[in-house]
Amino acid sequence: MSHRLRPLFLLLLISFLEPVPSLAQVAWVKKFDDALKQAAVDKRFLIVDISASWCPFCRKMAREAYTDREYINFSRSQVFMRLYADTDEEGTRLARKFGVRSYPTILVLNASGQEIGRLMGARSAQNLIRELESIFDSSALDDESIKKEPGQTHAREPQNSAAVEAYNAGLALQKAGDKAKALEFYIKALAQDPKMIPALMNASIIYLEFKDFKNARSTLQKWVEADPQAAKPLAMQAQLERDSGNHETAVKQLQKAIALEQDEGEKAKYREMLLGMLSALSTGGSSSPKIAPTGVPAAPAGIEADKKPASQAVLAEVAKTDEKDPIARLEKKLASAKDAPERDWLHLMLGIAHFQAQHWKEAREYLAKVLEKDPDNLTAREMMKAAEKMQSPANPTPP
(Lines give C-alpha, C1' and ligand atoms only; values in the text may rest on other atoms or scores of the structure.)
Protein backbone atom coordinates (compact mmCIF):
# COMPACT_ATOMS: atom_id res chain seq x y z
CA MET A 1 0.00 0.00 0.00
CA SER A 2 1.26 3.48 -0.87
CA HIS A 3 2.50 5.58 2.07
CA ARG A 4 0.22 8.35 0.84
CA LEU A 5 -2.86 6.12 0.99
CA ARG A 6 -2.05 4.60 4.37
CA PRO A 7 -3.13 7.61 6.51
CA LEU A 8 -6.37 7.86 4.56
CA PHE A 9 -7.00 4.15 5.03
CA LEU A 10 -6.33 4.42 8.77
CA LEU A 11 -8.65 7.42 9.04
CA LEU A 12 -11.45 5.49 7.34
CA LEU A 13 -10.82 2.46 9.56
CA ILE A 14 -10.99 4.60 12.70
CA SER A 15 -14.22 6.20 11.52
CA PHE A 16 -15.80 2.75 11.13
CA LEU A 17 -14.64 1.79 14.62
CA GLU A 18 -16.16 4.91 16.21
CA PRO A 19 -19.34 4.06 18.13
CA VAL A 20 -22.46 5.30 16.41
CA PRO A 21 -25.96 5.56 17.86
CA SER A 22 -27.90 2.39 17.14
CA LEU A 23 -31.37 2.58 15.67
CA ALA A 24 -32.25 -0.41 17.86
CA GLN A 25 -32.28 1.61 21.08
CA VAL A 26 -34.12 4.51 22.67
CA ALA A 27 -32.58 7.85 21.65
CA TRP A 28 -32.09 9.28 25.14
CA VAL A 29 -31.46 13.03 25.37
CA LYS A 30 -28.94 13.91 28.11
CA LYS A 31 -29.71 17.58 28.81
CA PHE A 32 -33.09 18.83 29.98
CA ASP A 33 -32.87 22.14 28.09
CA ASP A 34 -31.98 20.30 24.88
CA ALA A 35 -34.87 17.92 25.38
CA LEU A 36 -37.33 20.77 25.95
CA LYS A 37 -36.15 22.55 22.80
CA GLN A 38 -36.54 19.36 20.79
CA ALA A 39 -40.02 18.77 22.20
CA ALA A 40 -41.07 22.35 21.39
CA VAL A 41 -39.68 22.30 17.84
CA ASP A 42 -41.10 18.86 17.00
CA LYS A 43 -44.33 19.41 18.96
CA ARG A 44 -43.90 16.31 21.07
CA PHE A 45 -44.17 15.27 24.69
CA LEU A 46 -41.10 14.87 26.88
CA ILE A 47 -40.86 11.67 28.95
CA VAL A 48 -38.29 11.69 31.75
CA ASP A 49 -37.38 8.47 33.57
CA ILE A 50 -35.83 9.36 36.93
CA SER A 51 -34.13 6.28 38.35
CA ALA A 52 -31.44 5.49 40.92
CA SER A 53 -28.23 3.54 40.37
CA TRP A 54 -29.02 1.19 43.30
CA CYS A 55 -32.65 0.53 42.29
CA PRO A 56 -33.29 -3.10 41.15
CA PHE A 57 -36.64 -2.20 39.56
CA CYS A 58 -34.95 0.54 37.54
CA ARG A 59 -32.42 -1.98 36.26
CA LYS A 60 -35.25 -4.34 35.39
CA MET A 61 -36.92 -1.60 33.32
CA ALA A 62 -33.65 -0.81 31.54
CA ARG A 63 -32.99 -4.47 30.84
CA GLU A 64 -36.46 -5.56 29.74
CA ALA A 65 -38.74 -2.66 28.80
CA TYR A 66 -36.28 -0.26 27.18
CA THR A 67 -34.72 -2.93 24.99
CA ASP A 68 -38.09 -4.13 23.71
CA ARG A 69 -38.41 -3.48 19.97
CA GLU A 70 -42.01 -2.31 20.26
CA TYR A 71 -41.04 0.24 22.90
CA ILE A 72 -38.02 1.40 20.88
CA ASN A 73 -40.28 2.02 17.88
CA PHE A 74 -42.80 3.80 20.12
CA SER A 75 -40.07 6.04 21.58
CA ARG A 76 -39.34 7.59 18.18
CA SER A 77 -42.64 9.50 18.35
CA GLN A 78 -41.65 11.50 21.47
CA VAL A 79 -38.61 12.86 23.30
CA PHE A 80 -37.08 10.70 26.03
CA MET A 81 -34.64 11.20 28.90
CA ARG A 82 -33.31 8.75 31.48
CA LEU A 83 -31.43 10.10 34.49
CA TYR A 84 -30.17 8.91 37.87
CA ALA A 85 -31.23 11.00 40.84
CA ASP A 86 -28.24 9.89 42.93
CA THR A 87 -25.39 10.16 40.41
CA ASP A 88 -26.45 12.59 37.66
CA GLU A 89 -26.41 16.31 38.44
CA GLU A 90 -29.30 16.81 35.99
CA GLY A 91 -31.18 13.89 37.57
CA THR A 92 -30.74 15.27 41.08
CA ARG A 93 -31.99 18.68 40.01
CA LEU A 94 -35.07 17.33 38.22
CA ALA A 95 -35.90 14.93 41.06
CA ARG A 96 -35.99 17.91 43.43
CA LYS A 97 -37.85 20.12 40.99
CA PHE A 98 -40.66 17.58 40.46
CA GLY A 99 -40.70 16.12 43.98
CA VAL A 100 -39.67 12.57 43.00
CA ARG A 101 -39.57 10.30 46.07
CA SER A 102 -39.64 6.76 44.61
CA TYR A 103 -37.89 5.02 41.76
CA PRO A 104 -38.39 4.62 38.95
CA THR A 105 -40.66 7.62 38.43
CA ILE A 106 -41.58 8.47 34.85
CA LEU A 107 -42.60 12.09 34.32
CA VAL A 108 -44.63 13.16 31.30
CA LEU A 109 -44.13 16.83 30.43
CA ASN A 110 -45.62 19.01 27.74
CA ALA A 111 -43.53 21.12 25.41
CA SER A 112 -43.45 23.91 28.01
CA GLY A 113 -41.95 21.63 30.64
CA GLN A 114 -45.14 21.38 32.70
CA GLU A 115 -45.93 18.00 34.25
CA ILE A 116 -49.10 16.45 32.87
CA GLY A 117 -48.73 12.98 34.36
CA ARG A 118 -46.42 10.58 36.13
CA LEU A 119 -46.04 6.82 36.50
CA MET A 120 -44.32 5.21 39.46
CA GLY A 121 -42.84 1.72 39.54
CA ALA A 122 -41.58 -0.76 36.97
CA ARG A 123 -43.75 -1.87 34.06
CA SER A 124 -43.52 -4.10 31.04
CA ALA A 125 -42.90 -2.40 27.69
CA GLN A 126 -46.48 -3.02 26.58
CA ASN A 127 -48.03 -1.68 29.79
CA LEU A 128 -45.75 1.35 29.71
CA ILE A 129 -46.76 2.15 26.13
CA ARG A 130 -50.45 1.85 26.93
CA GLU A 131 -50.27 4.01 30.06
CA LEU A 132 -48.18 6.69 28.40
CA GLU A 133 -50.57 6.84 25.46
CA SER A 134 -53.46 7.21 27.90
CA ILE A 135 -51.73 10.26 29.38
CA PHE A 136 -51.00 11.64 25.92
CA ASP A 137 -54.63 11.23 24.90
CA SER A 138 -55.87 13.00 28.02
CA SER A 139 -53.50 15.95 27.88
CA ALA A 140 -52.84 19.01 25.78
CA LEU A 141 -49.53 19.87 24.17
CA ASP A 142 -49.69 23.67 24.50
CA ASP A 143 -53.22 23.57 23.03
CA GLU A 144 -51.94 21.96 19.84
CA SER A 145 -52.33 18.40 18.62
CA ILE A 146 -49.34 16.16 18.93
CA LYS A 147 -47.70 14.83 15.79
CA LYS A 148 -48.93 11.41 14.75
CA GLU A 149 -45.99 9.34 13.64
CA PRO A 150 -46.22 6.44 11.15
CA GLY A 151 -46.99 3.26 13.05
CA GLN A 152 -48.37 5.01 16.14
CA THR A 153 -50.95 2.68 17.63
CA HIS A 154 -53.84 5.12 17.60
CA ALA A 155 -54.56 8.69 16.65
CA ARG A 156 -55.18 11.34 19.23
CA GLU A 157 -58.69 12.59 19.70
CA PRO A 158 -59.45 16.31 19.93
CA GLN A 159 -58.52 17.63 23.37
CA ASN A 160 -61.05 18.97 25.84
CA SER A 161 -59.18 21.94 27.28
CA ALA A 162 -61.52 22.29 30.30
CA ALA A 163 -61.00 18.62 31.22
CA VAL A 164 -57.22 18.91 30.84
CA GLU A 165 -57.11 22.06 32.96
CA ALA A 166 -59.17 20.45 35.72
CA TYR A 167 -57.07 17.26 35.62
CA ASN A 168 -53.79 19.18 35.85
CA ALA A 169 -55.12 21.15 38.82
CA GLY A 170 -56.16 17.91 40.51
CA LEU A 171 -52.76 16.35 39.86
CA ALA A 172 -50.97 19.33 41.43
CA LEU A 173 -53.22 19.19 44.52
CA GLN A 174 -52.77 15.43 44.86
CA LYS A 175 -48.97 15.82 44.73
CA ALA A 176 -49.28 18.52 47.41
CA GLY A 177 -51.22 16.11 49.64
CA ASP A 178 -54.67 17.71 49.38
CA LYS A 179 -56.50 14.63 48.12
CA ALA A 180 -60.00 15.85 48.94
CA LYS A 181 -59.56 18.98 46.82
CA ALA A 182 -57.78 16.97 44.11
CA LEU A 183 -60.78 14.67 43.91
CA GLU A 184 -63.07 17.65 43.28
CA PHE A 185 -60.99 18.60 40.23
CA TYR A 186 -60.86 15.02 38.95
CA ILE A 187 -64.65 14.93 39.14
CA LYS A 188 -64.76 18.20 37.15
CA ALA A 189 -62.40 16.71 34.56
CA LEU A 190 -64.55 13.59 34.22
CA ALA A 191 -67.67 15.71 33.82
CA GLN A 192 -66.01 17.18 30.72
CA ASP A 193 -64.37 13.94 29.53
CA PRO A 194 -65.89 10.80 31.14
CA LYS A 195 -63.24 8.54 29.55
CA MET A 196 -60.15 10.40 30.78
CA ILE A 197 -58.24 7.39 32.09
CA PRO A 198 -55.68 9.18 34.34
CA ALA A 199 -58.53 11.02 36.07
CA LEU A 200 -60.50 7.76 36.48
CA MET A 201 -57.43 6.06 37.93
CA ASN A 202 -56.54 8.80 40.41
CA ALA A 203 -60.17 9.32 41.47
CA SER A 204 -60.54 5.55 42.07
CA ILE A 205 -57.43 5.49 44.25
CA ILE A 206 -58.61 8.44 46.33
CA TYR A 207 -62.12 6.99 46.77
CA LEU A 208 -60.57 3.75 48.04
CA GLU A 209 -58.29 5.63 50.44
CA PHE A 210 -61.34 7.51 51.74
CA LYS A 211 -63.24 4.16 52.00
CA ASP A 212 -65.97 5.55 49.76
CA PHE A 213 -66.64 2.13 48.27
CA LYS A 214 -69.79 3.09 46.40
CA ASN A 215 -68.07 5.76 44.31
CA ALA A 216 -64.91 3.66 44.07
CA ARG A 217 -66.92 0.80 42.57
CA SER A 218 -68.67 2.98 39.98
CA THR A 219 -65.46 4.84 39.03
CA LEU A 220 -63.50 1.60 38.64
CA GLN A 221 -66.22 0.24 36.38
CA LYS A 222 -66.00 3.34 34.20
CA TRP A 223 -62.23 2.84 34.03
CA VAL A 224 -62.73 -0.77 32.91
CA GLU A 225 -65.16 0.36 30.21
CA ALA A 226 -62.81 3.13 29.04
CA ASP A 227 -59.77 0.82 28.85
CA PRO A 228 -60.94 -2.80 28.38
CA GLN A 229 -57.37 -4.10 27.98
CA ALA A 230 -56.13 -2.77 31.33
CA ALA A 231 -55.59 -5.29 34.12
CA LYS A 232 -55.06 -2.83 36.99
CA PRO A 233 -58.68 -1.63 37.39
CA LEU A 234 -59.87 -5.25 37.37
CA ALA A 235 -57.40 -6.14 40.14
CA MET A 236 -58.53 -3.11 42.14
CA GLN A 237 -62.14 -4.19 41.63
CA ALA A 238 -61.25 -7.65 42.91
CA GLN A 239 -59.73 -6.25 46.10
CA LEU A 240 -62.74 -4.01 46.66
CA GLU A 241 -65.22 -6.84 46.13
CA ARG A 242 -63.21 -9.20 48.35
CA ASP A 243 -63.22 -6.66 51.17
CA SER A 244 -66.96 -6.16 50.65
CA GLY A 245 -67.64 -9.91 50.92
CA ASN A 246 -68.54 -10.37 47.25
CA HIS A 247 -66.18 -13.30 46.73
CA GLU A 248 -67.52 -14.66 43.46
CA THR A 249 -67.15 -11.24 41.80
CA ALA A 250 -63.70 -10.81 43.35
CA VAL A 251 -62.40 -14.11 41.96
CA LYS A 252 -63.95 -13.44 38.56
CA GLN A 253 -62.38 -9.98 38.24
CA LEU A 254 -58.98 -11.19 39.40
CA GLN A 255 -59.04 -14.02 36.86
CA LYS A 256 -59.72 -11.45 34.14
CA ALA A 257 -56.84 -9.31 35.39
CA ILE A 258 -54.46 -12.29 35.27
CA ALA A 259 -55.53 -13.06 31.70
CA LEU A 260 -54.94 -9.47 30.56
CA GLU A 261 -51.78 -8.62 32.51
CA GLN A 262 -48.61 -8.69 30.39
CA ASP A 263 -46.12 -7.82 33.10
CA GLU A 264 -44.96 -11.09 34.70
CA GLY A 265 -44.21 -9.40 38.01
CA GLU A 266 -47.72 -7.96 38.28
CA LYS A 267 -49.23 -11.25 37.09
CA ALA A 268 -47.39 -13.08 39.88
CA LYS A 269 -48.85 -10.65 42.43
CA TYR A 270 -52.35 -11.23 41.09
CA ARG A 271 -51.86 -15.01 41.22
CA GLU A 272 -50.79 -14.72 44.84
CA MET A 273 -53.92 -12.68 45.57
CA LEU A 274 -56.06 -15.31 43.86
CA LEU A 275 -54.53 -18.12 45.88
CA GLY A 276 -55.12 -16.10 49.03
CA MET A 277 -58.80 -15.79 48.13
CA LEU A 278 -59.04 -19.50 47.40
CA SER A 279 -57.27 -20.37 50.64
CA ALA A 280 -59.79 -18.21 52.50
CA LEU A 281 -62.55 -20.22 50.87
CA SER A 282 -61.19 -23.42 52.33
CA THR A 283 -60.45 -22.08 55.83
CA GLY A 284 -63.65 -20.11 56.30
CA GLY A 285 -61.93 -17.07 57.79
CA SER A 286 -63.10 -13.50 57.56
CA SER A 287 -63.49 -13.92 53.83
CA SER A 288 -65.71 -17.00 54.06
CA PRO A 289 -67.56 -17.22 50.74
CA LYS A 290 -71.19 -16.74 50.03
CA ILE A 291 -71.02 -18.89 46.90
CA ALA A 292 -68.60 -21.18 45.13
CA PRO A 293 -65.62 -19.74 43.24
CA THR A 294 -65.84 -18.92 39.56
CA GLY A 295 -65.24 -21.96 37.41
CA VAL A 296 -66.58 -24.35 40.05
CA PRO A 297 -69.76 -26.17 39.02
CA ALA A 298 -72.59 -25.55 41.44
CA ALA A 299 -72.88 -28.43 43.87
CA PRO A 300 -76.05 -30.47 43.30
CA ALA A 301 -78.85 -29.99 45.77
CA GLY A 302 -79.06 -32.53 48.56
CA ILE A 303 -75.38 -32.64 49.35
CA GLU A 304 -76.34 -31.41 52.80
CA ALA A 305 -79.47 -32.20 54.76
CA ASP A 306 -80.17 -28.61 55.77
CA LYS A 307 -81.71 -25.87 53.63
CA LYS A 308 -78.47 -24.00 52.87
CA PRO A 309 -77.30 -23.84 49.22
CA ALA A 310 -75.07 -26.83 48.51
CA SER A 311 -72.05 -24.68 47.66
CA GLN A 312 -72.20 -22.99 51.05
CA ALA A 313 -72.75 -26.27 52.83
CA VAL A 314 -69.65 -28.00 51.48
CA LEU A 315 -67.48 -24.93 52.01
CA ALA A 316 -68.81 -24.81 55.56
CA GLU A 317 -67.65 -28.38 55.98
CA VAL A 318 -64.15 -27.34 54.94
CA ALA A 319 -64.29 -24.27 57.14
CA LYS A 320 -65.32 -25.74 60.49
CA THR A 321 -62.66 -24.76 62.98
CA ASP A 322 -63.56 -27.53 65.45
CA GLU A 323 -63.25 -30.28 62.81
CA LYS A 324 -59.95 -32.12 63.18
CA ASP A 325 -59.97 -33.55 59.67
CA PRO A 326 -62.15 -31.58 57.22
CA ILE A 327 -60.41 -33.37 54.34
CA ALA A 328 -61.75 -36.70 55.62
CA ARG A 329 -65.27 -35.31 55.63
CA LEU A 330 -64.90 -34.12 52.04
CA GLU A 331 -63.52 -37.54 51.11
CA LYS A 332 -66.61 -39.09 52.68
CA LYS A 333 -68.82 -36.76 50.65
CA LEU A 334 -66.92 -37.74 47.51
CA ALA A 335 -67.36 -41.45 48.20
CA SER A 336 -71.11 -40.99 48.35
CA ALA A 337 -71.36 -38.51 45.46
CA LYS A 338 -74.37 -39.30 43.30
CA ASP A 339 -73.25 -37.98 39.91
CA ALA A 340 -70.37 -36.51 37.88
CA PRO A 341 -71.10 -32.81 38.55
CA GLU A 342 -71.03 -33.44 42.29
CA ARG A 343 -67.75 -35.39 42.03
CA ASP A 344 -66.15 -32.69 39.86
CA TRP A 345 -67.08 -30.02 42.34
CA LEU A 346 -65.78 -32.02 45.30
CA HIS A 347 -62.51 -32.71 43.46
CA LEU A 348 -61.86 -28.99 43.35
CA MET A 349 -62.89 -28.51 46.98
CA LEU A 350 -60.48 -31.28 47.98
CA GLY A 351 -57.75 -29.71 45.87
CA ILE A 352 -58.25 -26.44 47.74
CA ALA A 353 -58.34 -28.18 51.14
CA HIS A 354 -55.14 -30.14 50.45
CA PHE A 355 -53.46 -27.00 49.15
CA GLN A 356 -54.31 -25.17 52.34
CA ALA A 357 -52.93 -28.10 54.36
CA GLN A 358 -49.73 -27.98 52.24
CA HIS A 359 -50.35 -31.50 50.92
CA TRP A 360 -48.90 -30.58 47.54
CA LYS A 361 -48.98 -34.05 46.00
CA GLU A 362 -52.62 -34.68 46.95
CA ALA A 363 -53.61 -31.17 45.89
CA ARG A 364 -52.09 -31.80 42.46
CA GLU A 365 -53.88 -35.13 42.12
CA TYR A 366 -57.29 -33.61 42.74
CA LEU A 367 -56.61 -30.53 40.66
CA ALA A 368 -55.47 -32.77 37.80
CA LYS A 369 -58.86 -34.50 37.90
CA VAL A 370 -60.56 -31.12 37.60
CA LEU A 371 -58.37 -30.06 34.67
CA GLU A 372 -58.90 -33.38 32.92
CA LYS A 373 -62.59 -32.55 32.68
CA ASP A 374 -62.26 -28.77 32.41
CA PRO A 375 -58.84 -27.68 31.02
CA ASP A 376 -59.93 -24.02 31.02
CA ASN A 377 -60.74 -23.87 34.74
CA LEU A 378 -58.51 -20.96 35.72
CA THR A 379 -58.91 -21.60 39.44
CA ALA A 380 -57.54 -25.14 39.12
CA ARG A 381 -54.81 -24.05 36.70
CA GLU A 382 -53.46 -21.34 39.00
CA MET A 383 -53.51 -23.59 42.05
CA MET A 384 -51.82 -26.37 40.09
CA LYS A 385 -48.97 -24.04 39.12
CA ALA A 386 -48.49 -23.00 42.73
CA ALA A 387 -48.66 -26.59 44.01
CA GLU A 388 -46.09 -27.72 41.43
CA LYS A 389 -43.77 -24.92 42.50
CA MET A 390 -44.16 -25.79 46.17
CA GLN A 391 -43.53 -29.48 45.50
CA SER A 392 -40.25 -28.73 43.76
CA PRO A 393 -37.02 -30.08 45.34
CA ALA A 394 -36.47 -26.72 47.05
CA ASN A 395 -39.90 -27.11 48.72
CA PRO A 396 -40.32 -30.80 49.57
CA THR A 397 -43.68 -32.09 50.73
CA PRO A 398 -43.79 -32.07 54.54
CA PRO A 399 -43.88 -35.53 56.16
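The values are calculated or read from the model by the stated rules, or taken from the named source; none is laboratory data. Predicted, not measured: the structure shown is a model, and the values here were computed from it. Virtual Cβ from ideal backbone geometry, glycine too; neighbours counted across all protein chains shown.
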Exercise. Residue check: is GLN229 farther than 25 Å from SER112 by Cα and in a loop (DSSP other than H, G, I, E, B)?
Worked result: yes
Exercise. Any idea which of LEU220, LEU190, LEU200 is in contact with a Phe, Trp or Tyr (Cβ under 7 Å, 6 or more places away or on another chain) and farther than 21 Å from GLY99 by Cα?
Worked result: LEU200
Exercise. Which of the following residues is modelled with pLDDT under 50, in the same structural domain as ASP374 (by TED's automatic domain parsing), more than 22 Å from GLU372 (Cα to Cα) and not in a loop (DSSP other than H, G, I, E, B): GLU317, GLU323?
Worked result: GLU317
Exercise. How do the helices (runs of 4 or more DSSP H) wholly within region 152-210 filter down when requiring 3 or more residues that are small (Gly, Ala, Ser) and either touching a helix residue (DSSP H, G or I) at 6+ places or on another chain (Cβ under 7 Å) or modelled with pLDDT under 80 (or both): which remain?
Worked result: 161-175, 197-209
